[in-house]
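Trainee: Pasting a structure below so you can have a look.
The values are calculated or read from the model by the stated rules, or taken from the named source; none is laboratory data. Note that the structure is predicted; figures quoted are calculated from it, not measured. So basically every Cβ, Gly included, is an ideal-geometry build from the backbone, and we count neighbours across all protein chains shown. Side chains included, ligands, DNA and RNA excluded: accessible areas come from the protein's heavy atoms. Shrake-Rupley method; radii C 1.70, N 1.55, O 1.52, S 1.80 Å.
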Amino acid sequence: FWTMTRSTPEDEAAEAAAGVAFIVPKKEISMVPDMGKWKRSQAYADYIGFILTLNEGVKGKKLTCEYKVSETVEKLLDLLETLDRWINETPPVDQPSRFGNKAYRTWFSKLDQEAEALVSTVLPPEKAAAAPEIAVYLKESVGNSTRIDYGTGHEAAFAAFLCCLCKVGALRVDDQLAIVFKVFNRYLSVMRKLQRTYRMEPAGSQGVWGLDDFQFLPFIWGSSQFIDHPTLEPRHFIDERVVNEHHQDYMFLECIKFINEMKTGPFAEHSNQLWNISAVPSWSKVNQGLIRMYKAECLEKFPVIQHFKFGSLLSIQPAKP
C-alpha cells in the first residue's frame, strides 16, 4: 500500500499539470449490481491494502511497545480530544425512548460545522485543498445523525479518513504503529463514549450472529497483535481474569472488556461468533478468518457499502492492474 501511495516530485508535477483536483466525495453504489464496480475500484484496492498493511505492521506487538509519534499523529489526537470534549459539553437529554438520545444530533451538528477546520489542522499547508474531501470521511465516521446509530460502515469511514491522510503524505510509513495504537485506539475510546452516552443503536447489526454490535477492525488488528504469543491463546480471551490483566496491551481484549461491560448473560449467548472464534487453535488462523469475514460481512455487503463515498483519493475508477 505505501509503495502505491508514495509519489515522487515528478508524479506531483504531472498531477498538477493534469489538474487532478480534490473533489467532495459522493455515493456511487446505489443498487446491488453496482457492487462489482466497488470491488474492481481503486478505492477498494487502496482500502484493503491499507487495512492489510497495518495488520502486518502490528503483528506480535503490544499497545504499550515503543514507537514513533509524529507531529501529525499528535494533531490527530488533539482532534479526537476535541470530539471527546464536545461529548462532555453535550449531555444527554431527557426523553421517553431509552435508545438514540437526541443530544447526539447536537453533538453531530458541531462536528458537521467544524470538520473541515479540524482536518485543516492536520494537513501539511501544501495539501490544504484536500480538507473538504478528507473531512467527509471524518463526518461519516462517527455514526448517523438521523438514525442515531453506529456500525462497521462508520468505522470503515474512519479507516478511509486515515488512508486519505496517508495518500496526501500527512501520515507516513513510520507512522504505522501510531496509526493503530494511538489514533485508531483513541478513536475507539471516543466511539465507545458516544455509544454509551447517547445509547446509540447498532447499525445493520446481525444481532447475535454478528461479530460485535459496533466494531470490526480492532478484532482484526488485535488478533494480529497476538500472533506467536508465547502463552495467550484464542481460548483465553473469554476468561475475564485474562481480559482484566492484559487489556492495556491488546486491542482485542479491550473490545472484549467493552462487550462484557455492556452485555449481561453468558458470553456464548450474547457473542456467539466470538465464542466460536475462541475455539480456533491459533491466532494466525483467527486473523486470516477475520479478514475473510470482514470482506464478506462488511466490504461485500450492499447495506454497508451503499453509504461509502468516493472522491479523488478513494476513487471509484477501476484499479490499475
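Trainee: Rounded, prolate or oblate: pick one for the stretch 171-309, where a ≥ b ≥ c are the square roots of the eigenvalues of its C-alpha gyration tensor, a/c under 1.5 means rounded, and failing that, prolate if a/b is larger than b/c, else oblate.
Mentor: rounded
Trainee: How far is helix 42-57 tilted, in degrees, relative to the longest principal axis of the Cα atoms in the chain, given as a value from 0 to 90 rounded to the nearest 10?
Mentor: That helix lies at roughly 50 degrees to the long axis.
Trainee: Follow-up. Placing unit charges on C-beta atoms (Lys and Arg positive, Asp and Glu negative, everything else neutral), compute the dipole magnitude of the stretch 112-206 about its Cα centre in debye, rounded to 20.
Mentor: The calculated dipole for the stretch 112-206 is roughly 360 debye.
Trainee: May I ask you to give the solvent-accessible area per residue for the stretch 182-319, in square angstrom, as obtained with a 1.4 angstrom probe?
Mentor: Heavy-atom accessible area per residue stands at 43 Å².
Trainee: What residue among 281, 92, 234 shows peak mean-square fluctuation when the chain is described by a Gaussian network model with Cα springs under 10 Å?
Mentor: The residue with the greatest mean-square fluctuation here is 281.
Trainee: Could you state the angle between the C-alpha long axis of helix 152-167 and the longest principal axis of the C-alpha atoms of the chain, as a value from 0 to 90 degrees rounded to the nearest 10?
Mentor: 40 degrees
Trainee: Further, regarding this structure: If r is the Cβ-Cβ distance from residue 66 to residue 244 and R0 is 25 Å, what FRET efficiency results, to the nearest 0.05?
Mentor: 0.55
Trainee: Could you work out how far helix 103-120 tilts from the main Cα principal axis of the chain, as a 0 to 90 degree angle to the nearest 10?
Mentor: In the chain, helix 103-120 runs at an angle near 40 degrees to the longest axis.
Trainee: For residue 151, list long-range residues whose amide hydrogen, built 1.01 Å from N in the peptide plane, is under 5 Å from its own amide hydrogen.
Mentor: Amide H to amide H, under 5 Å and 5 or more residues apart or across chains, residue 151 pairs with 203.
Trainee: Please get the size of the charge dipole for the stretch 131-277, origin at its Cα centre, with Cβ charges of +1 on Lys and Arg and -1 on Asp and Glu, quoted in debye to the nearest 20.
Mentor: Computed charge dipole of the stretch 131-277: roughly 440 debye.
Trainee: How high is the relative contact order of the chain? Use alpha-carbon pairs under 8 Å, at least six apart in sequence, and give a whole percent.
Mentor: About 31 percent, as a whole number.
Trainee: Hey, another quick one. Loop only per DSSP, at most 16 neighbouring Cβ atoms within 10 Å: give me the chymotrypsin sites (Phe, Trp or Tyr not before Pro) in the stretch 74-157, ordered by residue number.
Mentor: Of the chymotrypsin sites (Phe, Trp or Tyr not before Pro), the ones in loops of the stretch 74-157 whose Cβ has at most 16 other Cβ atoms within 10 Å are 99.
Trainee: Would you work out which of 252, 298, 280 lies farthest towards the positive end of the dipole of the stretch 241-321, given +1 charges on the beta-carbon of Lys and Arg and -1 on that of Asp and Glu, about the Cα centre?
Mentor: Result: 298.
Trainee: How high is the FRET efficiency between residue 263 and residue 128 when r is their beta carbon distance and R₀ equals 41 Å, given to the nearest 0.05?
Mentor: E between residue 263 and residue 128, to the nearest 0.05, is 0.40.
Trainee: Using just the helices of the chain, give the 222 nm mean residue ellipticity in deg cm²/dmol: DSSP H runs with n ≥ 4 each add -39,500 (n - 2.57), and the total is spread over all residues, rounded to 500.
Mentor: After summing the helix terms and dividing by residue count, I get -15000 deg cm²/dmol.
Trainee: Pull up all non-local amide H partners of residue 28: gap of 5 or more, or a different chain, and H-to-H distance under 5 Å with H placed in the peptide plane.
Mentor: 310
Trainee: Would you mind working out the magnitude of the charge dipole of the chain relative to its Cα centre, with +1 at each Lys and Arg C-beta and -1 at each Asp and Glu C-beta, to the nearest 20 Debye?
Mentor: Its charge dipole is roughly 620 debye.
Trainee: Any of 193/320; 139/263; 39/167; 127/257; 167/257 with alpha carbons more than 30 Å apart? Name them for me.
Mentor: From the list (193/320; 139/263; 39/167; 127/257; 167/257), the Cα-Cα distance tops 30 Å for 193/320; 127/257; 167/257.
Trainee: For the stretch 49-117, what class follows from the C-alpha gyration tensor (a ≥ b ≥ c being the square roots of its eigenvalues): rounded when a/c is under 1.5, otherwise prolate if a/b is larger than b/c, else oblate?
Mentor: Prolate, since a/c reaches 1.5 and a/b exceeds b/c.
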